[in-house]
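The values are calculated or read from the model by the stated rules, or taken from the named source; none is laboratory data. Not measured: the values here are computed from a predicted model. Every residue, glycine among them, receives a Cβ derived from its backbone with ideal geometry; neighbour counts consider all protein chains shown.
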Amino acid sequence: MSDTRNDLLPVSALVLFSGGQDSATCLAWALNRFARVETVGFDYGQRHAVEMQARIAVRDGMADVLPLLADRLGPDHVVDLTGYGRISESALTSDRAIGMDARGLPSTFVPGRNLIFLTAAAALADRRGLEVLVGGMCETDYSGYPDCRRQTLDALSTALSLGLDKPVPIETPLMWLTKAQTWALADDLGGSELVELIVEESHTCYLGERSQRYAWGYGCGHCPACELRAQGYEAWRAGQ
């Protein structure tokens with residue numbers, strides 16, 4: 001487990017926090033790095049309320065597995081974007097099959113989701129005095145979502161900085177990591193306790209399934225999110 005307390009940056013951060021594996025790892029990363037950290041979640045009409053429940057369990061458990069950093073964790077915020085979810089229909093917000101659309105994008109792609117999330121997060125951060133946005137977007141294992149690309153986020157950071165008349169950096173610690181490397185990062189940041197918290201409490205499954213427990217956590221075991229998480233976990237364990 002790494003100890004980055006000597007590398008602490010005297011700035012604050014707002015973590016986009018869904019309660020999934022990636023955002024849980026990003027929260028631990030931010031707590032290791034920044035003096036003050038708050039979290040924000042978004043209710044955008046996703047089909048499964050389990051995601052909103054998981055984020056509470058993971059956040060609460062983070063203080064237990066990273067006790068030396070617990071005093072850095074500030075308030076949690078939830079933004080109601082259900083109206084947006086209704087106009088951006090996808091397999092995550094309505095009863096549709098998971099597959100590919102005519103553009104070759106997954107049906108789980110919610111158009112502009114990260115753009116909306118980060119814009120709302122930037123407004124919240126401005127009012128809360130938080131200087132850095134942190135998100136779990138990843139171009140290596142990004143499932144074909146164009147709003148996860150670093151180029152997209154750089155452009156948005158520029159637009160937000162211009163619109164708010166101040167720098168709006170968007171940190172993406174997982175951007176170039178595989179899922180196996182993301183598991184390794186969690187282990188480095190918080191050891192087996194953090195890994196176990198992610199396995200036991202975080203939620204990634206597109207179908208909202210939590211009745212089946214695998215070595216890598218709960219899920220249906222066959223949707224793209226579960227397959228990616230399982231493959232990464234197996235590759236990480238094999239490389240230990």
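Here are a few things to note about the model shown:
- All positions within region 39-78 that are hydrophobic (A, V, I, L, M, F, W, C), surrounded by fewer than 14 Cβ atoms within 10 Å (Cβ to Cβ) and not in a helix (DSSP H, G or I): Ala49
- Of all residues in region 205-240 being out of contact with any Phe, Trp or Tyr (no Cβ under 9 Å at 6 or more places or on another chain) and within 19 Å of Ile56 (Cβ to Cβ), the one that is surrounded by the most Cβ atoms within 10 Å (Cβ to Cβ): Tyr218
- Residues (more than 18 Å from the chain's Cα centre (by Cα) and either closer than 25 Å to Ala235 by Cβ or crowded, with 19+ Cβ neighbours inside 10 Å (or both)) located in region 138-167: Leu160
- Pairs with Cβ under 9 Å, 6+ apart, first in region 39-66 and among the acidic types (Asp, Glu), second modelled with pLDDT of 90 or more and crowded, with 19+ Cβ neighbours inside 10 Å: Glu51/Ser18; Glu51/Gly19; Glu51/Gly20; Glu51/Gly41; Glu51/His203; Asp60/Glu201; Asp64/Leu197
- Residue in region 167-183 that is touching a residue at least 12 places away in the same chain (Cβ under 8 Å) and acidic (Asp, Glu) present: yes
- Inside region 74-93, residues that are over 16 Å from the mean Cα position of the chain (by Cα) and either closer than 23 Å to Tyr218 by Cβ or modelled with pLDDT of 75 or more (or both) make up a count of 8.
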